């Protein structure tokens, strides 16, 4: 619910003339939940439909590839055939967008009637208009009418590609349309100030699927914040790298002058200068996050990460001097070209950082995650290592970092490493196979095959 793509989708669909919309989430206990069920004005609307199968169209927005499985679960629980061909043009029409299917339109193409790649601002309105013209019927005439809409991808069986929709000028940035106590960012108004990223990291899906970097219009950002402040004084600025917006300092200062307190989502360590650190202190933020990816400057250059260790250490020093009490560092391992010395370089960098923290009470949280190839990136043809490699690397890091005061070490579980990789780079046939195994209740078998295919070299079409 904190995903701004979801907020924008819900806002644009529900505000379209003649549409009644409801939100659905798949809960941790496996149930589907709709907040609208608690609304007396919409409860009867949901009861008449019973499940997703009672709606004319279903819109999904997906940021993480593993959520493809949750998408299938929601369709299955609603007795909706998983493959578009099995639905035979019957309602509901299934549409899906988001950063994950934008990066790889192939895997979901046999499942969704329409995939949308890129920015939804204009294309979504055209799709909704076409749905009304064709009375929400999935007939040839409807699909022909949406084929020319920039960003629309139909079934990729014919191998055709479509042009990603790009909103060049972000005049109406994505923002929270619901502020609630029950989300990860409780009682916080979130707003996007930059789309895309100026970094040159060769592993990053955002750089490829959201390029080029585009700052949101400053006046529009402040106008949305002004309207939100009567509801909450907490404002979260969102973007891949906030300092890519040249007006970040003035945006923050103006929000502060209106009585708001700003929370920052992310920083580049080499951009965390005195001015930015002062803004963090002024707004009372006690945690900052940097992503060096590796402790080796040589390996960092190979993956397109332009950051020196001394710049990272300077950023940590600035954070410490301005009241920050927790620093998160994100690392990856299993990177292409990585050796044991690169794993040990993480240890060296952490030890240098700990020296800065001596006696400060500041805590250092290390998050170490395996490399996942992403389709469309320069490293899409690279593959993860065998599990034994990661186990050994974890053991080395634990042994070398044990006893360092104030350091917390966390590894992302490896259980779904190969499944995640295959869902990231897989093709149309992968999507069909995923549906078949899902219907048989054999996802564990699919995961085993994913490991074999990924490790033995999966060839992209």
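For the condition under 19 Å from residue 149 (Cβ atoms) and in contact with a helix residue (DSSP H, G or I) (Cβ under 7 Å, 6 or more places away or on another chain), residue 62 does not qualify.
Quick check: anything in segment 26-38 under 23 Å from residue 427 (Cβ atoms), touching a residue at least 12 places away in the same chain (Cβ under 8 Å), assigned to a loop (DSSP other than H, G, I, E, B) and under 25 Å from the mean Cα position of the chain (by Cα)? Write out each step before concluding.
Going residue by residue through segment 26-38, those that are under 23 Å from residue 427 (Cβ atoms) are none.
Within segment 26-38 (the criterion being under 23 Å from residue 427 (Cβ atoms), touching a residue at least 12 places away in the same chain (Cβ under 8 Å), assigned to a loop (DSSP other than H, G, I, E, B) and under 25 Å from the mean Cα position of the chain (by Cα)), the answer is no, since none of the residues qualifies.
Within the set 94, 127, 191, the sole residue that is in the same structural domain as residue 204 (by TED's automatic domain parsing) and touching a residue at least 12 places away in the same chain (Cβ under 8 Å) turns out to be 191. Just one of the numbered conditions (1) part of a loop (DSSP other than H, G, I, E, B); (2) modelled with pLDDT under 90 is not true of residue 53: (1).
When restricted to residues that are at pLDDT 95 or above, farther than 17 Å from residue 457 by Cα and not in a strand (DSSP E or B), segment 355-388 contains 1. For residue 119, the stated conditions hold: it is touching a residue at least 40 places away in the same chain (Cβ under 8 Å) and under 29 Å from residue 169 (Cβ atoms).
Condition (residue is exposed (fewer than 15 other Cβ atoms within 10 Å of the Cβ), outside the structural domain of residue 69 (by TED's automatic domain parsing) and within 30 Å of residue 327 (Cα to Cα)) applied to segment 360-377: is it met by at least one residue?
yes
Between 195, 227, the distinction of being crowded, with 19+ Cβ neighbours inside 10 Å, closer than 30 Å to residue 35 by Cα and modelled with pLDDT of 90 or more belongs to 195 only. What's the total number of residues in segment 1-17 that are part of a loop (DSSP other than H, G, I, E, B) and either modelled with pLDDT under 90 or surrounded by 15 or more Cβ atoms within 10 Å (Cβ to Cβ) (or both)? Of the residues in segment 1-17, 4 are part of a loop (DSSP other than H, G, I, E, B) and either modelled with pLDDT under 90 or surrounded by 15 or more Cβ atoms within 10 Å (Cβ to Cβ) (or both).
The values are calculated or read from the model by the stated rules, or taken from the named source; none is laboratory data. None of the values given here were measured: they were computed from a predicted structure. As a convention, Cβ positions derive from the backbone with ideal geometry for all residues, glycine included, and neighbour counts pool all protein chains shown.
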